[in-house]
Amino acid sequence: MPGFIGLIAMLAAAYFSYAMFAGGNIIVGVLLTIVFFWLWSSSMIIEPNGSRILTLFGKYQGTLRQNGWYFVNPLTGKSSLSLRARTLNGDRLKVNDSAGNPVEIAAIIVWRVSDTYRASFEVDRYEEFVRLQSETAVRHLASTHPYDAEDHEISLRRNTDIVSEDLKSELNERLARAGVEVLEARLSHLAYAPEIAGAMLRRQQASAVIAARQKIVEGAVGMVELA
């Protein structure tokens with residue numbers, strides 16, 4: 001029930017308890033005192049973007065999401081669960097990309113709980129579930145895309161917006177079971193693994209030189225054809 005109704009009941013119990021003690025009616029006074037503390041133990045405050053999951057004798061009773069002051073059955077179990085957005089700063093992972101090259105990759109995930117029942121009862125330790133599934137999704141993303149590629153092919157380095165959207169979509173699918181919604185996902189680190197970084201840099205430089213020479217040749221051929 002709303003807090004102000006419980007407050008009125010508490011004040012009434014306190015007033016009549018005092019009156020009973022003053023009038024010598026000890027038994028009724030003690031009973032009203034018990035009622036007062038019973039009401040006090042059943043009160044709770046929910047802050048903005050907070051929630052309380054209510055259970056009674058192991059049965060789910062519902063979730064309170066609206067911030068405010070409430071009174072519930074004191075026998076009811078009350079578990080707090082934050083609905084605020086959270087940030088997961090993933091560890092750097094070493095993964096082979098789709099071309100077989102070892103790369104280091106990490107991602108930042110912004111997420112929040114959207115379904116309190118699933119987060120509480122469908123998975124064990126939903127925060128750990130988010131961390132493990134995020135790591136799995138990042139590994140899968142890296143293994144299905146090349147680090148770098150030609151312009152017509154999606155790569156981790158060139159197409160960061162597309163890759164981030166792919167990661168977000170996959171995470172939302174993986175985390176739906178836990179009642180978690182991914183608000184944003186983006187790569188925070190991407191590089192070749194140290195053991196091949198030097199060789200890949202030289203390869204990129206050579207590819208750039210070849211591409212530049214090809215452009216020069218194409219330009220010269222075009223000028224000859226125009227002449």
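Quick notes on this structure:
- Length-normalised contact order for the stretch 86-192 - Cα pairs under 8 Å, 6+ apart - percent: 39
- Take the Cα of residue 172, step 7 Å toward its Cβ, do the same at residue 89, and the gap between the two points is 2.7 nm.
- Close amide H contacts of residue 114 (hydrogens built in the peptide plane, cut-off under 5 Å, sequence separation of 5 or more or a different chain): 180, 181.
Where a number appears in this text, it was derived from the coordinates with a stated rule and is not lab data. Note that the structure is a prediction, hence the values are computed from the model and not measured. As a convention, Cβ positions derive from the backbone with ideal geometry for all residues, glycine included, and neighbour counts pool all protein chains shown.
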